[in-house]
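Please read the structure below before turning to the comments.
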Amino acid sequence: MKKIATIAAIAAAFTSSSAFAQALDDNQAQGSATAEVVAPITLTHVQDAELSFGTFTAGAGGTVVVTRAGAGSATGGVVLLSGSQETADQFTVAGDSDRAFTISVNDGVITHTDGQTTMSFAADAPTAGTLSGTGAANFSVGGTLTVGANQRPGDYSGTYLVEVAYN
């Protein structure tokens, strides 16, 4: 009999213990929470790629246009020289598979080796993309360079900013 009383006392203690979930009142409910962490998006400039406006004479001024496919053309008094090689710049994107992203590109300025003479360009890039099932994508950047009348001859170079972000 003593064993039965002991077992009953232990059972009663367990059933009234705070270790068990309490019933909720009518004015209470349990919510739920979740989270998903994805791989960060990264942008890489393809080694040795560059937006090249080629070799040209300025004449009365105009523009040099390089498409995203890398085809070059000139307007106004600008003349591309024979053998000029225009190229679009190239970038790769990595991140979470099948995710959409936006692309932002700033216009740029290229500066003569004299450090003072400049030409500006408007960059041309897609505004969005989607990562593949393996989390990869790539895109090219072209642009339109504004060439002044009798622009100073010489080499010009510069940089511009490209940014990607998940939608």
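Observations
- Degrees separating the helix 2-15 axis from the principal Cα axis of the chain, which is the longest one: 30
- Backbone geometry of region 69-80 corresponds, through the Karplus equation with coefficients 6.51, -1.76 and 1.60 at θ = phi - 60°, to 3J(HN,Hα) couplings of 7, x, 7, x, 8, 10, 10, x, x, 6, 10, 6 Hz, x marking Gly and Pro.
- Between region 30-49 and region 79-117, the Cα center-to-center distance that results, in Å: 24
- Placing +1 on the Cβ of every Lys and Arg and -1 on the Cβ of every Asp and Glu, with nothing else charged, gives the chain a dipole about its Cα centre of roughly 640 debye.
- Converting phi to 3J(HN,Hα) with the Karplus coefficients 6.51, -1.76 and 1.60 and the offset θ = phi - 60°, region 89-100 yields 7, 9, 9, 10, 10, 9, x, 6, 4, 6, 8, 7 Hz in sequence order, with x at every glycine or proline.
- Under Karplus coefficients 6.51, -1.76 and 1.60, residue-wise ³J(HN,Hα) of region 23-37 in Hz, glycine/proline x: 5, 8, 6, 4, 9, 10, 8, 8, x, 9, 9, 9, 8, 9, 9
- For Cα extents along the principal axes in Å, calculated from these coordinates, the label among (i) 114, 30, 29; (ii) 44, 31, 30; (iii) 56, 28, 20: (i)
- Relative contact order, percent, the chain [alpha-carbon distance under 8 Å, six or more residues apart]: 25
- Net length gained if the chain between Ala39 and Asp26 were fully extended (0.36 nm per residue, minus Cα distance): 0.5 nm
Every read-out reported here was derived from the displayed coordinates using simple, explicitly stated rules and does not represent laboratory data. Keep in mind the model is a prediction, meaning the values are calculated, not measured. Here the Cβ is made from the backbone with ideal geometry for all residues, glycine too, and neighbour counts use every protein chain on show.
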